[in-house]
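A quick write-up on the structure given underneath.
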Amino acid sequence: MNALDVMHFMGKGVPKDHKEAMAWFRKAAEAGNTDAMVNLGAMYEGGLGVGKDDRGAGIARLPRLETPTE
């Protein structure tokens, strides 16, 4: 899923569409993809594909911060 969201975000192979990228980042983040959590937070922080929301940015990144590293 994270590849699809990046493709939509950057417009690689598909039209650039931040709203579509946001939807895919959200799906990947909900599935536990930590890279997508960071990307989702950046989308909220920058207001890309969604209204700017610093609180949403922090919440999106929170699971990543709690993920233990090996």
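Some values worked out for this structure:
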| read-out | value |
| --- | --- |
| Proximal charge balance of Ala3 [Cβ under 14 Å; K/R count +1, D/E count -1] | -1 |
| 1.4 Å probe accessible area per residue over segment 1-55, in Å² | 59 Å² |
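The values are calculated or read from the model by the stated rules, or taken from the named source; none is laboratory data. Predicted, not measured: the structure shown is a model, and the values here were computed from it. Neighbour counts run over all protein chains shown; Cβ positions are idealised from the backbone, glycine included. These area figures cover heavy atoms from the full protein model, side chains too; ligands, DNA and RNA do not enter into them. Shrake-Rupley method; radii C 1.70, N 1.55, O 1.52, S 1.80 Å.
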